[in-house]
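Right, one structure below, let's go through it.
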Amino acid sequence: MRAITIAEPGGPEALVLAEVPDPVPGPGEVLVEVTASAVNRADLLQRQGRYDPAPGVSPYPGLECSGRIAGFGPGASGGAWSVGDQVCALLAGGGYAEKVAVPLGQLLPVPKGVDLTTAAALPEVAATVWSNVFQVANLRPGETLLVHGGSSGIGTLAIQLGKAVGAKVAVTAGSADKLAACRELGADVLINYREQDFVAELGEHGADVILDLVGAKYLARNIEALAVNGRLVVIGMQGGVKAELDLGRLMAKRAAVIATGLRTRPLDEKAAIIAAVREHVWPLIEAGVVRPVVDRVFPLDEAAQAHRLMESSGHVGKVLLAVRPA
Ligand SMILES: NC(=O)c1ccc[n+]([C@@H]2O[C@H](COP(=O)([O-])OP(=O)(O)OC[C@H]3O[C@@H](n4cnc5c(N)ncnc54)[C@H](OP(=O)(O)O)[C@@H]3O)[C@@H](O)[C@H]2O)c1
């Protein structure tokens, strides 16, 4: 099969389309013929040699895909899925390829009303947003959710899910155009982080839940912005990993700081998250309440261009890689 390989860690030119052996599905795994994959920030780090896949995981980038089931590994057949079924899947790697082996628990049906290529935009963001905003931070109706990077792949889904459960949603983004896109998705409070102070803009109550992808640079101000009993969930560290934590401020608010990563979670936790996504998020997509936001689709052999786009932050929502015609 063809896959995007990382010849030598480095810039986008490190992504090289090459002929490689087909993956062989192991016990409990399903072979998927990939229709499309999506670019995630983590792929940029992997390309740079700063986020290696775990041992035993495909060396090719790609944390999600859509496609058709092509076969089953030992013990994986006989259940709900058949060869030819259209699926999308959360991956630990290997999505930038014509075929990938997927643990059974990480498969999802393609939601009704979503085409097979677009479905590649959903598994990673849905699993990340659902697990962090709802399972970890327990966002409730009437609460305020602050989403940093509201126009990101993650942010565009977080806004919609926050609104779908009846929360007030505030976002930060770096331009007026991106904030306008967030408003179209339902965001109530729009904050240009280059010009405004999000702590001040949130007002006295602050945010009950903050979904943060900046990390160290925002830690102190995120805690200032938290409401009493607030929950700060850090999922990205684009602004560094180390910062001073004022436990006094945290204690005064009876607040919590949590940091989680999806990729390294054990298989049973990922399967539980995927099951919850299917139960809670898929019906909202099928009802048209929540929609995938796709900026652009590049052919697989233009993966380097797709990485350049994400690195320039010139996108809103997801950047996809089309591997074969849907
Ligand atoms: N922990 C996990 O399990 C997990 C899973 C998935 C993703 N993530 C993380 O979630 C983040 C988003 O991922 P993605 O794939 O959706 O990437 P993406 O679309 O490229 O989004 C990156 C976003 O970061 C925003 N940003 C940069 N600096 C900012 C700042 N100072 N304040 C507010 N926003 C800022 C950018 O906004 P502007 O363009 O407006 O500057 C952009 O929207 C990444 O950090 C990724 O690593 C974590």
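Here are some notes:
- Condition check for ASN138: closer than 17 Å to VAL257 by Cα and open to solvent by 30 Å² or more (accessible area, probe 1.4 Å): yes
- Within segment 63-104, being over 26 Å from LEU17 (Cα atoms) and under 21 Å from the mean Cα position of the chain (by Cα) holds for one residue alone: LEU104.
- Odd one out for ASN40 among (1) touching a strand residue (DSSP E or B) at 6+ places or on another chain (Cβ under 7 Å); (2) closer than 11 Å to GLY95 by Cβ: (1)
- Residue check, ASP212 within 14 Å of the ligand (Cβ to nearest atom) and open to solvent by 60 Å² or more (accessible area, probe 1.4 Å): no
- Evaluation of VAL214 against the conditions (1) outside any strand (DSSP E or B); (2) over 21 Å from the mean Cα position of the chain (by Cα); (3) closer than 30 Å to GLY248 by Cβ shows that the sole unmet condition is (2).
- Of the residues screened, PRO325 is not one that is in contact with a helix residue (DSSP H, G or I) (Cβ under 6 Å, 6 or more places away or on another chain) and either in the same structural domain as ALA216 (by TED's automatic domain parsing) or not in a helix (DSSP H, G or I) (or both).
- Restricting segment 44-102 to residues that are in contact (Cβ under 8 Å) with a residue 12 or more places away in the chain and polar (S, T, N, Q), the residue that is nearest to the ligand (Cβ to nearest atom): GLN46
- Residue list for segment 217-229, restricted to those being in contact with a Gly (Cβ under 7 Å, 6 or more places away or on another chain) and open to solvent by 30 Å² or more (accessible area, probe 1.4 Å): LYS217
- Per the listing THR172, THR156, THR144, the residue uniquely of a type in the set (Ser, Thr, Tyr) and more than 10 Å from the ligand (Cβ to nearest atom) is THR144.
- Filter result (under 30 Å from PRO55 (Cα atoms) and open to solvent by less than 40 Å² (accessible area, probe 1.4 Å)) within segment 230-260: VAL233, VAL234, GLY236, GLY239, GLY240, THR260
- On the stretch given as segment 23-51, residues that are under 15 Å from GLN106 (Cα atoms) and part of a loop (DSSP other than H, G, I, E, B) total 4.
- Restricting segment 281-312 to residues that are touching a Gly at 6+ places or on another chain (Cβ under 7 Å) and within 16 Å of the ligand (Cβ to nearest atom) leaves a set whose member that is farthest from ILE159 (Cα to Cα) is ASP295.
- Among the residues of segment 52-92, those that are in a loop (DSSP other than H, G, I, E, B) and open to solvent by 70 Å² or more (accessible area, probe 1.4 Å) comprise ASP52, PRO55, GLY56, PRO59, PRO74, GLY75, SER77, GLY78, ALA80, VAL83.
- Comparison of ARG278, ARG324 shows that the only residue that is over 22 Å from ASN138 (Cα atoms) and either open to solvent by 60 Å² or more (accessible area, probe 1.4 Å) or touching a Gly at 6+ places or on another chain (Cβ under 8 Å) (or both) is ARG324.
- With respect to (1) modelled with pLDDT of 95 or more; (2) surrounded by fewer than 20 Cβ atoms within 10 Å (Cβ to Cβ), the lone exception for THR264 is condition (1).
- Listed by position, the helices (runs of 4 or more DSSP H) enclosed by segment 105-211 that each have at least 1 residues that are hydrophobic (A, V, I, L, M, F, W, C) and over 14 Å from the mean Cα position of the chain (by Cα) are 153-164, 176-184, 198-202.
- Any hit, segment 286-297, residues being under 19 Å from VAL100 (Cβ atoms) and open to solvent by 50 Å² or more (accessible area, probe 1.4 Å): yes
The values are calculated or read from the model by the stated rules, or taken from the named source; none is laboratory data. Just so it is clear, the model here is predicted, and its values are computed rather than measured. No Cβ is skipped: glycine too gets one built from the backbone with ideal geometry, and neighbour counts run over all protein chains shown. Side chains are part of the model used for accessible areas, which takes the heavy atoms of the whole protein and leaves out ligands, DNA and RNA. Shrake-Rupley method; radii C 1.70, N 1.55, O 1.52, S 1.80 Å.
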